[in-house]
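These notes concern the structure reproduced below.
Any read-out appearing in this document is the output of simple, stated calculations on the displayed coordinates, not a laboratory observation. Keep in mind the model is a prediction, meaning the values are calculated, not measured. All Cβ positions, even for glycine, are placed from backbone atoms using ideal geometry, and neighbour counts span all protein chains on display.
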Amino acid sequence: MASSRSQSANGSGSGVEDDAVTQGRKLLDREIALGLDFIPEAGALQAIPSGGAALVSGIDLRITASGAVPSRPVAASSGTNPVTVAAKGERPVVEEIPEALVEPGLHDAASISEIRDVLGDCQRCKLCESRTNIVFGVGDEHAEIMFVGEGPGADEDAQGIPFVGRAGKLLTDIIEKGMGIKREQVYIANVVKCRPPQNRNPEPDELVACEPFIAKQIAVIRPRVIVTLGKVPTQALLQNRVAISKQRGVWHSYRGVPLMPTFHPAYLLRNPAEKRTVWADIQKVMAKLGIERPTKR
Ligand code: SF4
């Protein structure tokens, strides 16, 4: 079955060729970027030229009170730069998704359900072969906070809902007991929508195939804050290979949206002492959003 991603809107030969060249170049860029294992993780990596996303471990992010387009992220020479946050309740302006990331149909999708319709019975990558259900995402389409994980596990694959296993229970506790808000008030999704076999990490071609959908989900929801959970979604959205231990707890930017990386709840199940670290990261998110810590009952 031909992938719908490789078809132009009108099916013309030149459109198909252009699209194929663009997609091929993007895949190559991305695989190169994701394969730079030899580069020391402590350093900030440079941008993939086509994406224009922030690829630095420290950013200068300014979101104006008038809602004007934020300044482009700039590379930090060291450490972290000050972050000027949006006023309470203000949404960031999400930078435009590069054309290379948008296929016909997805470009015009204006709601979460329309994005889901475009995804369809997706066979854009090999993860479709072993999945039970596509795990698209769950929560409030108008959420101010979006949690982005890696990919579905066994429980999620069986139920078609993200973060419903033990790690999901812990995430729910972080949201409800820690932040004092309902899980239904946030939006939760993964960078790949189908379960990788044996819970292996998603491979570069799979991340590239699925990336337009998480990018469009973020563009439509326009959250005030994204929280990435663990190494894979953090590196995928920031397009680098920096260790999660070096990226967590510091504000980054994804297309103009403030992004806070933290550890994955599954990691916390194995390393409960790190709950304190995650709580520190979550408190930064709460402070940015003006969420007060719930009082103990
Ligand atoms: S992981 Fe994403 S791109 Fe791959 S088959 Fe599933 S929905 Fe499609």
The alpha-carbon center of the range 109-126 and that of the range 157-229 are separated, in whole Å, by 16 Å
The answer for residue 227, listing residues at least 5 apart or on another chain whose modeled amide H is closer than 5 Å to its amide H, is 146, 147, 148, 260
Distribution output for the range 188-297: share of Cα-Cα pairs per 10 Å bin in percent, first bin at 0, values 13, 43, 35, 9, 1
Per-residue Cβ contact counts at 10 Å, fewest first, order 171, 269, 289 as 269, 289, 171
Other residues with Cβ under 14 Å from the Cβ of residue 183 give, with Lys and Arg +1 and Asp and Glu -1, a net charge of -2
The range 144-211: Kirkwood hydrodynamic radius (Cα pairs, Å) comes out at 12.6 Å
Assertion target for 264, 142, ordered by fewest C-beta neighbours within 10 angstrom first, is 142, 264
Between residue 254 and residues 5 or more places away or on another chain, the pairs with built amide H atoms under 5 Å apart involve 259
Output ordering of 232-239, 272-279 (per-residue mean of other Cβ within 10 Å, highest first) is 232-239, 272-279
